[in-house]
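Scroll down for the structure; my scribbles are underneath it.
Every read-out reported here was derived from the displayed coordinates using simple, explicitly stated rules and does not represent laboratory data. Worth saying up front: this structure is predicted, and the values here are computed from it rather than measured. All Cβ positions, even for glycine, are placed from backbone atoms using ideal geometry, and neighbour counts span all protein chains on display.
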Amino acid sequence: MIEIKGVSKSFKNETALDYKDLTFEAGKSYMLLGASGCGKSTLLNMIAGILSPDRGRIIIDGKDMSAAPQKEKDRFRIEKIGFIFQDFKLINEMTVADNIGILRLEGIDTSGMDSLLTRLGIAEKKNKKVKTLSGGQKQRAAIVRALVKQPDIILADEPTGNLNYSIGEQVIKELTQAAKGKTLIAVTHDERLRPYFDCVIDMNDITGSPYDVAQGKAVE
Ligand SMILES: Nc1ncnc2c1ncn2[C@@H]1O[C@H](COP(=O)(O)OP(=O)(O)O)[C@@H](O)[C@H]1O
Ligand SMILES: [Mg+2]
């Protein structure tokens, strides 16, 4: 379970982003909707321990991770969080297998790679350089890289932003399937993808009163 409590974050020359209190339950999938600039990526980065809130707490499984030393946050992210990005963040000149195998340098067991590649339908791309893959195949490779460590939490920041709708829909279908039983938080602008998630959170109005995920709206 991930609890966002009284979190506020500001950047230089920016008004503060004040987040409503939110709880992400373990094992559920969440779609985060909201206009550009409303603070979606910042929230994912704070959950991942890449950014720290200025105020408030981010509590993961009962532990206030926002108060943990950076080293502990980094270890937690490496071991427990799978992060998927819009622009894949794969190394184009390396093969798919090497992009994933490189995680062993961080002590990650990558022995689940082959079965995940098969599950995502890109087993035959294993020894191909990433630059030869289509956008959908690159995103599938990035999903395998995020899932191979068997993370408890999967964060996806506009994972279909660089894909056309039908490919993106297929990727979301596969991602939500592969992430079953884990906590998945995915940012996407596309309302058509709603049916694939357990809960949809509209982040457009992130200031003010607490947000009731079950009701899908702010509560007074
Ligand atoms: N590293 C940064 N430095 C300065 N401002 C930032 C930084 N990251 C985000 N912001 C600002 O914080 C706000 C929220 O950004 P972001 O979380 O990226 O929004 P979203 O992902 O919803 O589009 C924006 O106004 C953005 O300009
Ligand atoms: Mg963003």
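Before moving on, here are some points about what is shown:
- The magnitude of the dipole of region 2-218, with charges of +1 and -1 set on the Cβ of Lys/Arg and Asp/Glu and taken from the Cα centre, is near 540 debye.
- Ratio of the Cα radius of gyration of region 2-218 to 2.2 N^0.38 Å, where N counts its residues: 1.00
- The eigenvalues of the Cα gyration tensor, multiplied by 5 and square-rooted, give region 48-157 an equivalent ellipsoid with semi-axes of 29, 14, 12 Å from largest to smallest.
- One compactness figure for region 116-202 is 1.05, namely its Cα radius of gyration divided by 2.2 N^0.38 Å.
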